[in-house]
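Each value in this text was obtained by applying a stated rule to the coordinates, not by laboratory testing. All values derive from a computational prediction rather than experimental measurement. Ideal geometry is used to build each Cβ from the backbone, glycine not excepted, and the neighbour counts take in all protein chains shown.
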Amino acid sequence: MKHWHVIYTRPRLESLALHHLKRQGFTAYLPQHRKLRRHARSTDWIVAPLF
């Protein structure tokens, strides 16, 4: 049976924390979604953490 833990990360560094956890051999999960970002006449899709 796997044990679940929640970690607290600095803002916008979730993917870096995921990389470090996987490099150390942990099984990690970071739910993400595509989000439309609009800024000064341009729009683009970004991948952002779900929570």
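The single condition from (1) among the charged types (D, E, K, R); (2) loosely packed, with under 10 Cβ neighbours inside 10 Å; (3) within 10 Å of the chain's Cα centre (by Cα) that Glu14 fails is (2). It is to be established whether one or more residues within region 26-37 are part of a helix (DSSP H, G or I) and exposed (fewer than 10 other Cβ atoms within 10 Å of the Cβ). No, region 26-37 has no match at all.
Is it the case that some residue within region 6-17 is closer than 16 Å to Phe51 by Cα, out of contact with any helix residue (DSSP H, G or I) (no Cβ under 6 Å at 6 or more places or on another chain), of a type outside the set (Gly, Ala, Ser) and part of a helix (DSSP H, G or I)? Within region 6-17 (the criterion being closer than 16 Å to Phe51 by Cα, out of contact with any helix residue (DSSP H, G or I) (no Cβ under 6 Å at 6 or more places or on another chain), of a type outside the set (Gly, Ala, Ser) and part of a helix (DSSP H, G or I)), the answer is yes, since at least one residue qualifies.
Within region 1-11, the only residue that satisfies the criterion of being loosely packed, with under 11 Cβ neighbours inside 10 Å and of a type in the set (Ser, Thr, Tyr) is Tyr8.
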